[in-house]
Amino acid sequence: MSELVVEILEDFLGNHRKHYKNKGQISFDCPVCSDIKGLDTGDGKGNLEVNYNHHVYKCWACSETYGTHGTINKLIRQYGNNTHLKQYRLVIPPEKKKTIINSHATIEGLPKSFTPLLIERDNQQYREAIQYLKKRNIDLNLIRKYNIGYAVSGDYRGRVIFPSYDEDGEINYYVGRSYEKYTKLKYKNPEVSKMEIIFNEGKINWDSNIYLVEGVFDHLSIPNSIPMLGKVLNDLLFHKLMSKAEAKVIIVLDADAKNDAIKLYKKLNSGRLRNKVLIVNMPERFDISDVHQKLGSKGVVKLLTTAKKIKESLL
Ligand SMILES: [Zn+2]
């Protein structure tokens, strides 16, 4: 079926650039990017990536600004014609159609008022948000790396927003943390179950050591970490770790969660991961983001090197 999909896409996007058949991933010159540059033909960059296994597309250059991302159906509706749409519907196998209909546990991108913090702005809210992050030892590099933003209006006003990207670079979740001192609700999240997502799954390197942490601030403190958004591992993440983690899995929960950490250790230390799970003993009353806030990356690294296995006899 891949050849047929490629044929349909090439008919309105022009020749493809790269094609990774095993991943179902193929790239084209983005029509929006080319148009912005005033070109009638492609810009030669190949920034528009389509994954026909997952039925999605995204432009790595302009998706945030122009909304150049979504389902292949959307792509065809915007740049192709009805014939392409009909052909595409004939080509995708019936079981895929079913998964498209069933996959409703998704959100429609970031809140409308999301504004990246990387671009300096001359307003009080921008300054407050930056000040709050600075206090927590989160610098511009981290802001860039995780595309942290804020909102000046709407439901997420007065909050710093941490986006979560899935494997296809699509937003699958976000966390809004209030930066105001007196607030009823510290955290505000979208109405999607935390149980059905893996936060920043798209940023995980499954071949390296993976750190399991509780919250987004812990996540920002340790490279290649996954925040569980709580103290409990969801099934989706459990199965992914069991099947995809190639190196060690290191548990870094808050000091008040020692029992949860041991439970988690027992659960993960089996099958492919047996003897590859470690645990960090957090200093009393600390979590890893406190360590990062007070001692910086060096303090974090120092603590992480103390990770060890638990003796079988103690389990
Ligand atoms: Zn583009």
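Values for this structure:
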item: The stretch 301-315: number of residues that are of a type outside the set (A, V, I, L, M, F, W, C) and within 29 Å of the chain's Cα centre (by Cα); result: 5
item: Residue ranges of helices (runs of 4 or more DSSP H) in the stretch 1-120 with at least 3 members modelled with pLDDT of 85 or more and either under 21 Å from residue 165 (Cβ atoms) or more than 16 Å from the ligand (Cβ to nearest atom) (or both); result: 2-13, 72-79, 82-91
item: Pairs where the first residue, in the stretch 113-137, is under 16 Å from residue 156 (Cα atoms) and the second is open to solvent by 50 Å² or more (accessible area, probe 1.4 Å), C-beta under 6 Å, 6+ apart; result: 113/153; 113/154; 125/152
item: Members of the stretch 134-155 that are open to solvent by less than 30 Å² (accessible area, probe 1.4 Å) and in a loop (DSSP other than H, G, I, E, B); result: 138, 146, 148
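The values are calculated or read from the model by the stated rules, or taken from the named source; none is laboratory data. Bear in mind the structure is a predicted one, so any value in this text is a computation, not a measurement. Cβ sites come from the backbone with ideal geometry, for glycine too, and all protein chains shown count toward neighbours. Each accessible area value is taken on the protein alone, full model and side chains, heavy atoms only, with ligands, DNA and RNA left out. Shrake-Rupley method; radii C 1.70, N 1.55, O 1.52, S 1.80 Å.
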